[in-house]
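To start, the structure itself, in structure tokens.
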Amino acid sequence: MRDVYIVGTGIHPWMGFSEQVFADFAAVAVDGALKDANVEWHKIQSIMAGIFIYGGNAGHLSGQYLESIFGETGIPVVNVYNACATGSAAIRMAYNSVAAGETDTALAFGADVSPKGFLTAKSDNAVQDRDVIRWKMGGMPNPIYWALECRKRMAKYDTTEEDLALVKVLMSEYGAKNPHARFKKTYSVEEVLNSVYVCDPLRLYEICPVSTGAAAVIVTADRELIDKADHPVKINATTMGSAMYGDPTIRISALSCPSVPEAPMLSESYSASRQAYEKSGIGPEDIDVLELPDNSSWHYLVYLETCGFCKEGEADRMLRDGLTRIGGKLPVNPSGGFSSHGEALSAQALWQVIECANQLRGRCGDRQVEGAKVAMAQTYGLMGNSGTTIMSI
Amino acid sequence: MENMANKVARIPDLVDWSTGEVRLMSAKCNSCGTYFFPREHYQHRPGCSREGVENVLLPVKGKLASYTIQYYPCPPPFKTEKKITPYGIGLVEFEQEKIQVAGIITDTDLDSLEIGMEMETTTLTMFTNDEKQQVVTWAFAAVK
Ligand SMILES: [Zn+2]
């Protein structure tokens, strides 16, 4: 396998609902990546596209639509969906294509336009798609799942409502400094604790909404492109994990879960991160900056444990002691996290990788983690999807 | 018990009241021992032969393993005639079967909810259909 580098990244800043089509957002991100890498379009030898599930035929073939905007060149274009880990799947395929020598330079991108109104079931066949059951019979929007797990955590460990609020306080402090962020207002612990419950114990400001956004990454093993790039970022490993039998987590869209654990919680993310540690030879203790999926304040805490940054039940202490702040032992989400951005489904995993790459390239201004050499982006997608990317400079 | 004859589940094969008790319709794999809910949510142990999956009913009663209170109306296709927010959602554990099942909490003081409390399976009427039948889902209530 060859060494693979990120040489160009592009983002369309995160925002709310838009009447614009997804391909317009994708084009902005891809254009940004091409300019950042200073490469011509014809150098791109394959495209790994995250699909836009609400975009019909165009969204399901997002790679072809994107390619036609920039000019069709006959290269392999593959469209993938792995829920909120879709971008992880795209960059992993781009990496594998280049590392294996199939292509020298590959583009991974994802773009998502927040659906107007609510996310809900996408079919009407309850036998085939149990998502139909949770919407029609369960009355269970996504945050319910996180609240059920968060309550279990609070009963098992000493996680408090103040801890959950503190996550938002930190994320808002960093989001305010990030030009790509959708939410730029800062909050105090009191303000978060005064926000309404959405599903007790999780409050409005402790849950991320859906957003519009796009992200693109160009990876290469082409020496010429690496040499002319501004601070090329080496990908040490980029992996995907699925769930393991006996994982006690109740997964979004499921109506049941095992009561006797035979696997770690969030086993898909446990699996993705352990694969990445093994492949890269880099462990949690080596990571200088971490982007984790803070879909809710509960995720922020549990992911530190799932990915091995502390033992189970110790994340609250890490947070309280300031270890996860910029300047702390392990700066977490200096981007402001999903809390400051919201989820743009097929783009968000790539956005996390780009935030990490920007830290390693020293491009983060007021939220820069000084001297960051190794970074990790960790994703989480519903129904057992996760990806980990470890990068270094 | 209310007149169950005039009730219909909004989606079939999830909740049964034909025995006079309300019970969830599960399936058990006799090869790997795993219980599934809903029945088609197969989650076999890796390497299982997947032979001998049979339909079973879960016990009426279980213990509350976790809960939350939903303060906002659930968007469509969820539908109730009357406003039910705020409503509880419970994760009820059936110990013998090693499974926890999620469902709406009904007929229970939400302030009294506590992990470990005994819950029983029941139905919740969501709305009345054109045939004047009560359309129900499964639900859990604190054992009184
Ligand atoms: Zn089995």
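Key figures for this structure:
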| read-out | value |
| --- | --- |
| Test result for B:S18, within 16 Å of the ligand (Cβ to nearest atom), more than 9 Å from chain A (Cβ to nearest Cβ) and part of a loop (DSSP other than H, G, I, E, B) | no |
| Residue in region B:23-53 that is farthest from the other protein chains (Cβ to nearest Cβ), counting only those that are assigned to a strand (DSSP E or B) and near the ligand (Cβ under 8 Å from one of its atoms) | B:V53 |
| Residue within region A:113-126 that is free of Cβ contacts under 8 Å to residues at least 40 places away in the same chain, more than 10 Å from chain B (Cβ to nearest Cβ) and closer than 30 Å to A:G63 by Cβ present | yes |
| Single condition A:K35 does not satisfy, out of (1) of a type in the set (K, R); (2) within 16 Å of A:N358 (Cα to Cα); (3) part of a loop (DSSP other than H, G, I, E, B) | (3) |
| Of all residues making up region A:41-74, the number that are surrounded by 23 or more Cβ atoms within 10 Å (Cβ to Cβ) and either among the hydroxyl-bearing types (S, T, Y) or touching a helix residue (DSSP H, G or I) at 6+ places or on another chain (Cβ under 6 Å) (or both) | 9 |
| Selection status of B:Q100, of a type outside the set (F, W, Y) and away from the ligand (no atom under 16 Å from the Cβ) | yes |
| Test: residue in region B:116-127 that is modelled with pLDDT of 95 or more, closer than 21 Å to B:I11 by Cβ, within 16 Å of the ligand (Cβ to nearest atom) and at the interface with chain A (Cβ under 10 Å from one of its Cβ atoms) | no |
| Pair list, Cβ < 6 Å and 6+ apart or interchain, from region A:16-33 residues that are in the same structural domain as A:S62 (by TED's automatic domain parsing) and within 17 Å of A:V217 (Cβ to Cβ) to residues that are surrounded by fewer than 16 Cβ atoms within 10 Å (Cβ to Cβ) and at pLDDT 95 or above | A:A27/A:I69 |
| Strands (runs of 3 or more DSSP E) wholly inside region A:227-304 that include at least 3 residues being among the acidic types (D, E) | none |
| Tally, over region B:37-89, of residues that are surrounded by fewer than 18 Cβ atoms within 10 Å (Cβ to Cβ) and of a type in the set (S, T, Y) | 5 |
| Condition met for B:P59 (more than 16 Å from the ligand (Cβ to nearest atom) and at the interface with another protein chain (Cβ under 10 Å from one of its Cβ atoms)) | no |
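The values are calculated or read from the model by the stated rules, or taken from the named source; none is laboratory data. Since the model is a prediction, treat every value here as computed from it, not as a measurement. Cβ coordinates were reconstructed from backbone atoms using ideal geometry, including for glycine residues, and neighbour counts include every protein chain displayed.
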